[in-house]
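Below: one structure, written as structure tokens.
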Amino acid sequence: MVTNKNDKFAVNTICEDGYCTIYMHGELDLSVAPDFRKMIEPFVTDQNTKLVLNLKELEYIDSTGIGILLSILKARNSMNAGFYIEEVPGQIQKLFDMTGITKFFTVQENS
Amino acid sequence: MIEEVQTVVISLPATAEYVDIVRLNLYGIASKMGFSYEEIEDMKVAISEACNNAVLYAYKHGNGVMEVTFEVSSDALIITVRDEGESFDMWNMADAAASLHDKELSDIQVGGLGFYLMQALMDEVDVVSEAGKGTKVVMTKRLNITRELV
């Protein structure tokens, strides 16, 4: 089946004042995980810019997606570079709490 | 009175692109049964994790099929995700299924989270894996009828 992955998951990025904010839309699951991983890589490795993920429009995440967030956390942590998650929808926050990933996230207070 | 169970079976290619089709089917069936939005969201995650495992680990040699069965009764939805791939070590993760609550960032392994979520989000999860015959994940979500009595 030919599927248009763009219909399912999309991001747009705004970089300003030392922050790059990536706005995630749709469903982050196994089928789009490789694309997202590739797309976000340059932002993860950019030590000089703080990275923010905005999850307001993220409708769904599975363990693959949570795994990507964890690998970003690890990478940013080892570089001592800023990484924040903001506007987490209730259902996704529940999964973060359940899996125990919440304690590793720094929430952007001024969002 | 004999409880009537209605069964819906769908068979799909075991590829990542079809997992959202399973979620859409689940949504239709579970909302018709009267599950709440939150319960349906929980089941969406659980069913996807079961399908992900079939996609990722069952068929090492070429594409296979995953079969999803919904057993609908008045008080529960039983979901079975079956593959006919090689039985895989992944399911040994069932024993190792764990959250990250007691772990440091540096100690984290991502594997096992999917199974942990299935267990946490459903009322019952049973995994049957037989060498050469594939794996069957059976998950039950009970319909909370007390809600209707309030």
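What follows is calculated from the coordinates using simple rules that are stated; it is not laboratory data. Keep in mind the model is a prediction, meaning the values are calculated, not measured. Glycine also receives a Cβ, built like all others from the backbone with ideal geometry; neighbour counts cover every protein chain displayed.
Each label was represented as a point 7 Å from its Cα along the Cα-to-Cβ direction; for A:ALA10 and B:SER73 these points are 4.5 nm apart. Coupling constants for segment A:55-67 follow from the phi torsions by the Karplus curve (6.51 cos²θ - 1.76 cosθ + 1.60, θ = phi - 60°), and in residue order they are 9, 3, 9, 7, 8, 7, 9, 10, 5, 5, x, 4, x Hz; glycine and proline get x. With the highest mean first, a sort of the peptides B:7-14, B:41-48, A:10-17 on other beta-carbon atoms found within 10 angstrom per residue produces B:41-48, B:7-14, A:10-17.
Measuring between alpha carbons in the structure, the pairs from A:LYS8/B:LYS103; A:LYS56/B:LYS44; A:LYS94/B:LYS136; A:LYS8/B:LYS44; A:LYS38/A:LYS74 lying more than 23 angstrom apart are A:LYS8/B:LYS103; A:LYS94/B:LYS136. List the chymotrypsin sites (Phe, Trp or Tyr not before Pro) within segment B:1-85 that DSSP assigns to loop and that have no more than 15 neighbouring Cβ atoms inside 10 Å. Passing sites in segment B:1-85 do not exist.
Annotation: the residues B:ASP126, B:ASP20, sorted from fewest to most other C-beta atoms within 10 Å of their own C-beta, follow the order B:ASP126, B:ASP20. Here the calculated FRET efficiency for B:SER31 and A:GLN47, from their Cβ-Cβ distance with R0 = 30 Å, stands at 0.05, rounded to the nearest 0.05. A full extension of the chain between B:LEU24 and B:GLU4 corresponds to an added length of 4.8 nm, given 0.36 nm per residue minus the alpha carbon distance.
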